[in-house]
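Bear in mind that the values in this text are calculations on the coordinates, not laboratory data. Predicted, not measured: the structure shown is a model, and the values here were computed from it. Neighbour counts run over all protein chains shown; Cβ positions are idealised from the backbone, glycine included.
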Amino acid sequence: QVQLTESGGGLVQAGGSLRLSCTISGSVFGISAMGWYRQSPGNQREMVAKIVLGGSSPTYADDVKGRFTISSDNPKTVSLQMNVLEPEDTGVYYCNVARYGRDYWGKGTLVTVSS
């Protein structure tokens, strides 16, 4: 079983930065992808940034390219560095891993960007 725990959310002014972290517990063997998703009020959950292990460069949503960076320093963590935050980045951010064809999700961490 895999469990994900996010941290690092909070309230920040527009133009500021936050760093989200996700800790992965349980077996990491077989994880094929890691990513961050965002759900803002009234909208569906959407992909923000994603790493396919053993694949090419990370994938980013168009509206965060150049501002957000996803990284994984070890198999048990995945982080999202968010710079030049905008009010439109407000939402609940979820960590996701794919393992043997199944998606695992954290409970989410709230990011609020004030104008």
_Quick one: 3J(HN,Hα) in Hz for the stretch 10-21, Karplus 6.51/-1.76/1.60 with θ = phi - 60°, rounded, Gly and Pro as x._
x, 9, 9, 7, 4, x, x, 10, 9, 10, 9, 10
_Longest DSSP-loop-exposure-free segment, trypsin sites (Lys or Arg not before Pro), the chain, at most 14 other Cβ within 10 Å_ = 1-64
*Rounded to whole Hz and in sequence order, give me ³J(HN,Hα) for the stretch 99-115 from the Karplus expression 6.51 cos²θ - 1.76 cosθ + 1.60, θ = phi - 60°, writing x for Gly and Pro.*
9, 6, x, 10, 8, 10, 10, x, 7, x, 9, 7, 10, 10, 10, 8, 8
*Rank ASP73, ASP89, ASP63 by mean-square fluctuation in a GNM of the chain with C-alpha springs under 10 angstrom and give only the top-ranked residue.*
ASP73
_In sequence order, calculated HN-Hα J values of the stretch 83-97 (Karplus, 6.51, -1.76, 1.60; Hz; x Gly/Pro)_ = 10, 6, 5, 10, x, 5, 7, 4, x, 8, 9, 10, 8, 9, 10
*Taking the Cα centre of the chain as origin and charging only Cβ (+1 Lys, Arg; -1 Asp, Glu), how large is the dipole, in debye to the nearest 20?*
340
